[in-house]
1. If I go through the range 438-483 residue by residue, how many of them are touching a helix residue (DSSP H, G or I) at 6+ places or on another chain (Cβ under 8 Å), within 16 Å of ligand 2 (Cβ to nearest atom) and among the β-branched types (Val, Ile, Thr)?
2. Restrict the check to the range 121-137 and report whether at least one residue is within 16 Å of ligand 1 (Cβ to nearest atom), crowded, with 19+ Cβ neighbours inside 10 Å and under 19 Å from Gly51 (Cα atoms).
3. When you check Gly68 against the structure, is it at pLDDT 95 or above, on the phi > 0 side of the Ramachandran plot and more than 16 Å from ligand 1 (Cβ to nearest atom), yes or no?
4. Run down Phe324, Phe295 and say which single residue is more than 19 Å from Pro433 (Cβ to Cβ) and among the aromatic types (Phe, Trp, Tyr).
5. Go through the range 416-453 and report how many residues are part of a strand (DSSP E or B) and within 14 Å of ligand 1 (Cβ to nearest atom).
6. Kindly indicate whether Glu381 is free of Cβ contacts under 8 Å to residues at least 60 places away in the same chain, within 23 Å of the chain's Cα centre (by Cα) and more than 16 Å from ligand 2 (Cβ to nearest atom).
7. If you check every pair at least six apart or on different chains, which have Cβ atoms under 7 Å apart with a residue in the range 434-455 that is more than 22 Å from Glu484 (Cβ to Cβ) first and a residue that is among the basic types (Lys, Arg) second?
8. Kindly check whether there is at least one residue in the range 457-473 that is aromatic (Phe, Trp, Tyr), under 20 Å from Thr236 (Cα atoms) and either at pLDDT 95 or above or within 14 Å of ligand 1 (Cβ to nearest atom) (or both).
Amino acid sequence: MTRRGFLRLGAVSAVAVVGGTTTARLFSPGAPVAPTDPAVAAAEAARHHSGRLVRRELRAAPTNVDLGGKVVRTWAYDGSVPGPPIRVSVGDELRVRLSNALPEPTTVHWHGLALRNDMDGVPGLTMPAVEPGQHVDYSFVVPHAGTYWLHPHVGVQLDTGLQAALIVEDPQERADYDDEAVLILDDWTDGLADAPAEILARLGRQGMDMSGMGGMEDMEMGAAGVSPEQPLGSDTGDVTYPAHLINGRLPRAPVTVEARPGRRLRLRLVNAAADTAYRFAVGGHRLTVTHADGFPVRPVEVETLLLGMGERYDVVITAGDGAFPIVAVPEGKQAPSALAVLRTASGRSPAADARPAELDGRLLTYADLRPSDVVALPPREPDRELELRLEMADSGRRWLVNGAVYGEHDPLGVEAGERVRVTMVNRSMMFHPMHVHGHTFAAPPHGVRKDTLNVLPMQTVSVDLHADNPGQWLVHCHNIYHGELGMMTVLSYVA
Ligand code: C2O
Ligand code: CU
């Protein structure tokens, strides 16, 4: 797959050569802008640099972790799930040495960051994977404040314990909160049931379990199974997980967020799951949504929200007096919810299976989200329109973009400086959290800035992006199994 990705790039430049001169080959019109292209370094040099250098080390290794009374063998960063969070300020140069103590190659992808292309961590496209026993130094200027995260971009390694938060602070931000906590939501199988690689192999062999499929009945509802009760449709995942975790803990031994009553608490929510969307709520509290995928929005108050895989939201709550359940319910799946506890006073902890009423309250929709003025993408007619047709094939053994699996795809060419409209046409009965690397697009209806967007069953949705980050960028479904079964393509800058 990796090799074919490169071959595809080669094919594009060959086409360019037909109309250009051989001497100018790499720079002739239509040739892909490689990660090593001077344009990538030039874009990096143009980024605001705070002058501060933050160094970190990250060791990916097999390890035993305690999920809360249950010890499992998995892979993790620095021996913990999630790995230690990385905190930087916008404009800092982050230099991370990744040491690979895993038995297979790995990379780190910095999800959501519009960073320099050669540090994006996609093997075969932006960099080679790091072989076992080797290390690599990632080094880049951090472009935007917000809640991000990091994970490997090799196979289904994301579905092990390899995950960590990347928090980018903005020293200029007029912060309307007192304290903060990061909550990473995750579906867990490794060491409890099948290993992720076994699940991928099975899906590739047998396709998906069709019993949960909406089918004709839903089609007749006109909205492909989407309803107020099932906002993502009736078939939300392909994998049954034995457990769902917040910050690496089972509900019977949850993480506690401690606060003082009346304090304003910012919760940074990350859905690090491979195949599960979560419905999130805090018992006894309303959520003021302040950021979507790291970028500020006009604050909106809701009681619950859904996070697709790869999505992030920041919410602010005013802590009540007592102990409250923080829950993430696997959307459309029969499984125990993930739990954490908000505690501001002594008293009984919430039950492991607490189901706060807020879960049935006012649910955030994309229509509620408006970008804050500073991050709104100014309106402009697109210079280029691209289409991404999303389809299932072979009963879910393969997932396609524009009729092809990754490796057999045709890259989507763009030129630096263009306004690009990407129209995603979902021709399947499942939602797909579609993620664009290296960019934050404007999503309808009000232009909220996001890097990951849930495209609903049979839905067509267009997002706009400003092509200001040259290189080769993966675009894919963040259901990691869909991605690995083919649902990925490349946004390819050409020059
Ligand atoms: Cu979370 Cu390709 O990314
Ligand atoms: Cu998908």
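The values are calculated or read from the model by the stated rules, or taken from the named source; none is laboratory data. The structure presented is a predicted model; accordingly, all values stated were derived computationally and were not measured. All Cβ positions, glycine included, derive from the backbone under ideal geometry; neighbour counts span all protein chains shown.
1. Summing the residues that are touching a helix residue (DSSP H, G or I) at 6+ places or on another chain (Cβ under 8 Å), within 16 Å of ligand 2 (Cβ to nearest atom) and among the β-branched types (Val, Ile, Thr) in the range 438-483 gives 1.
2. For the range 121-137, residues within 16 Å of ligand 1 (Cβ to nearest atom), crowded, with 19+ Cβ neighbours inside 10 Å and under 19 Å from Gly51 (Cα atoms): absent.
3. Numbers: at pLDDT 95 or above: yes; on the phi > 0 side of the Ramachandran plot: yes; more than 16 Å from ligand 1 (Cβ to nearest atom): yes.
It is true that Gly68 is at pLDDT 95 or above, on the phi > 0 side of the Ramachandran plot and more than 16 Å from ligand 1 (Cβ to nearest atom).
4. None of the other options fit; the residue is Phe324.
5. The total comes to 8.
6. In short, no.
7. Listed pairs, sorted by first residue: Thr440/Arg449; Thr440/Lys450; Phe441/Lys450; Ala442/Arg449; Ala443/Lys450; His446/Arg370; Val448/Arg370.
8. no
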